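> One structure, as C-alpha cells, below. Some questions next.
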Amino acid sequence: MNIIIDENGVADVYDDTYDIVIHCESEEDQNDARLALKNARRWIPVTERLPEVSHNSVLGWDKNFKRCCLVQYDGYGFKINSWQYMDIIAWMPLPEPYTEEKE
C-alpha cells in the first residue's frame, strides 16, 4: 500500500500489490521494453503489417469462417494449403518450438 497525493493535495491510499515494475538503466532500455511488451504475442491486424514472405506458417484469423487457422503468407495473400487463399484479417507468429530442458 502506498499513500499518494493528487494535484489538489488530497491524500489517498493506492494498493500496489499487483503492480509490475520493469527496471531500466536508460531511456533506450525503457523504449526497448515498451516495444517488447507491445509486440508480445498478440493478434496483428493485416492493416498494421504483414508477416514476412515465407513457407513458415503463422496463425491467421479468417474473416468469413470466424476461425483460427494455420496459414502461410506468400506475398499475395494467406494460403491454408498450397492453393486455397483465405480472407485473413489478423495474424500472429507461432511460438518458438519446444525444447527439452537439460539438467
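Nothing in this text is a laboratory measurement; each read-out follows from the coordinates by a stated rule. Note that the structure is predicted; figures quoted are calculated from it, not measured. Neighbour counts run over all protein chains shown; Cβ positions are idealised from the backbone, glycine included.
> May I ask you to list the residues of the range 28-71 whose amide nitrogen lies under 16 Å from a point 7 Å from Cα along the Cα→beta-carbon direction of Asp87?
46-47, 61-69
> Of the listed values (i) 33, 32, 25; (ii) 46, 30, 21; (iii) 65, 44, 25, grab the one calculated as Cα extents along the principal axes in Å from the structure here.
Matching the structure shown: (iii).
> Using per-residue counts of other Cβ atoms within 10 Å, averaged over each peptide, order 48-57, 19-28, 35-44, 82-91 from highest down.
Averaged packing, sorted descending, gives the order 82-91, 48-57, 35-44, 19-28.
> Compute the angle between helix 27-38 and the longest alpha-carbon principal axis of the chain, please, reported from 0 to 90 degrees and rounded to the nearest 10.
Compared with the principal axis, the helix lies near 50 degrees.
> May I pose another question? Taking Cα pairs under 8 Å and at least six residues apart, what relative contact order does the range 2-93 come out at, in percent?
The normalised contact order for the range 2-93 reaches 22 percent.
> Moving on. Can you pull out the trypsin sites (Lys or Arg not before Pro) in the range 56-94 that DSSP calls coil and that have at most 16 other Cβ atoms within 10 Å?
Qualifying residues, ordered by number: Lys63, Lys66.
> Tell me the mean residue ellipticity at 222 nm calculated for the chain from its helices only (DSSP H runs of n ≥ 4, each -39500 (n - 2.57), averaged over every residue, nearest 500).
That calculation yields -3500 deg cm²/dmol at 222 nm.
> Tell me which residues come under 5 Å, amide H to amide H, from Ile44 once H is placed; ignore anything under 5 positions away on its chain.
Excluding prolines and chain starts, which carry no amide H, the hits are Trp91, Met92.
> On to the next question. If you take every residue apart from Leu70 with its C-beta less than 13 Å away from the C-beta of Leu70, what net charge results, scoring Lys and Arg +1 and Asp and Glu -1?
That sum, taken over residues with Cβ under 13 Å, equals +1.
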